[in-house]
Amino acid sequence: MKKNYFLIIALFISFALGAQTTIDINAVNTAYKTTFNEDLVIDVAKTASKLAAPSLSYSNPFNGRTFTTAEISFDAYNYGDIHVLGSIFTIYDATLGRMYFSNGSYLGYNTGSTSYFDANLINYGVGTDFIGANTWKSIKLQFTATGYAMYVNNVLAFNQSSTNVTIAGPLTDFSNVINFLQNASTLMFGTGSWWSDNTDTNGAYFDFQSTYLKNIKFTPDFSSATAINQPTVDAKSELVGEEYLGISGVKVGKEYSKLLPGIYIKKSLYNDGSTKSEKIFKVQ
């Protein structure tokens, strides 16, 4: 006889929806990583590339999810020059625009002439250098419908209301940022600025980011979780099919090999009509 485990599945879905996406540096191409002080790290300078052909990219971890806040956190070590026109990472969409962050502590967002902000940028140069050089710093970038904030070692560096750094741009409705994060397609490391691919006439990159990264996490705070009525599976039941859903519950396909890296719910279908769901991670 089948039993219903409503509470168990409700807790499962809540956990799955609140999960972080962590970049698995072990799975990164060896051309873009190194070992530094016994830690495996991404060397962002080695990922310098054009938007149209990023060397290191992933499906945007926030895409397709429902949340009210988002956080991007990582540890950064600047070992060379500080620049603001290149980027440590970029969240990009060919239609929607982009957000990016540089090792010069510049946070930029641009989805159009009336929907952008520049935080901690002075005449296309470094404002306040909050990361410094030759030391590890823990960085958190937080986004809500009311604004954004940068934290260094858990201390606020700036937010949308700061007067100690230069804040520019007409954007005041920051729900636009949440909407962008939910819909932009791609996460990239080391690509150029909004204005160019940061290459000179000989094709060499300038303003590349001499930065090591580790502990890179993308954390959505989901506004709701949907419980489902989930029966157990009889030991004699025969598996007849599988399908995969995004964390938001939207079906994304039936073949694991075709899934992009990310977090999914795997739904197994049995011949007696029962189903079984489990959270899975695909990193490569």
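Does Ser73 fit the bill of being closer than 18 Å to Asn183 by Cβ, out of contact with any Ser or Thr (no Cβ under 6 Å at 6 or more places or on another chain) and not aromatic (Phe, Trp, Tyr)? No; evaluated as a whole, the condition is false for this residue.
Residues considered: Thr135, Thr146, Thr95. Of these, the only one that is over 18 Å from Tyr212 (Cβ atoms), touching a residue at least 24 places away in the same chain (Cβ under 8 Å) and β-branched (Val, Ile, Thr) is Thr146.
In the set (1) over 17 Å from the mean Cα position of the chain (by Cα); (2) among the polar types (S, T, N, Q); (3) over 15 Å from Tyr205 (Cα atoms), the condition left unmet by Ser49 is number (3). Within the range 69-96, the residues that satisfy the criterion of being assigned to a strand (DSSP E or B), of a type in the set (Gly, Ala, Ser) and within 15 Å of the chain's Cα centre (by Cα) are Ala70, Ser73. Of all the residues in the range 19-33, those that are under 19 Å from the mean Cα position of the chain (by Cα) and either in a strand (DSSP E or B) or not polar (S, T, N, Q) (or both) number 10. Of the residues making up the range 46-68, one or more are β-branched (Val, Ile, Thr), within 19 Å of Thr219 (Cα to Cα) and at pLDDT 90 or above. In this structure, Ala53 does not qualify as within 22 Å of Val250 (Cβ to Cβ), among the aliphatic types (A, V, I, L, M) and in the same structural domain as Asn154 (by TED's automatic domain parsing). In the set (1) crowded, with 22+ Cβ neighbours inside 10 Å; (2) part of a strand (DSSP E or B), Ser105 fails one condition alone, (2).
Selection of the range 22-65 for residues being farther than 17 Å from Ile88 by Cβ and among the β-branched types (Val, Ile, Thr) yields Thr30, Thr35. One residue stands out among those in the range 111-166 that are of a type in the set (Gly, Ala, Ser) and assigned to a strand (DSSP E or B): the one that is farthest from Ala76 (Cα to Cα), which is Gly147.
Filtering the range 65-79 to residues that are of a type outside the set (Val, Ile, Thr) and out of contact with any helix residue (DSSP H, G or I) (no Cβ under 7 Å at 6 or more places or on another chain) leaves Phe67, Glu71, Ser73, Phe74, Asp75, Ala76, Tyr77, Asn78, Tyr79. Here Ser138 meets each of (1) in contact with an Asp or Glu (Cβ under 9 Å, 6 or more places away or on another chain); (2) surrounded by 16 or more Cβ atoms within 10 Å (Cβ to Cβ); (3) among the hydroxyl-bearing types (Ser, Thr, Tyr) with one exception, condition (2).
Restricting the first member to the range 241-270 and to residues that are more than 22 Å from Phe218 (Cα to Cα), and the second to residues that are modelled with pLDDT under 80 and part of a loop (DSSP other than H, G, I, E, B), the beta-carbon pairs closer than 6 Å and six or more apart or on different chains are Tyr270/Val233; Tyr270/Ser237.
Pairs are defined by a Cβ separation below 9 Å, a sequence spacing of at least 6 or placement on different chains, a first member in the range 164-182 that is in the same structural domain as Tyr124 (by TED's automatic domain parsing) and farther than 22 Å from Phe62 by Cβ, and a second member that is part of a loop (DSSP other than H, G, I, E, B) and small (Gly, Ala, Ser); the pairs so defined are Val165/Ser105; Val165/Gly127; Thr166/Gly127; Ile167/Ser161; Pro170/Ser113; Pro170/Ser115.
Taking the conditions (1) over 23 Å from the mean Cα position of the chain (by Cα); (2) modelled with pLDDT of 95 or more in turn, Gly125 satisfies each one other than (2). Among the residues of the range 34-63, the ones that are in a loop (DSSP other than H, G, I, E, B) and exposed (fewer than 15 other Cβ atoms within 10 Å of the Cβ) come to 3 in all.
The values are calculated or read from the model by the stated rules, or taken from the named source; none is laboratory data. Nothing here was measured: the structure is a model prediction, and the numbers come from that model. Every residue, glycine as well, gets a Cβ built from its backbone with ideal geometry; the counts of neighbours run over all protein chains shown.
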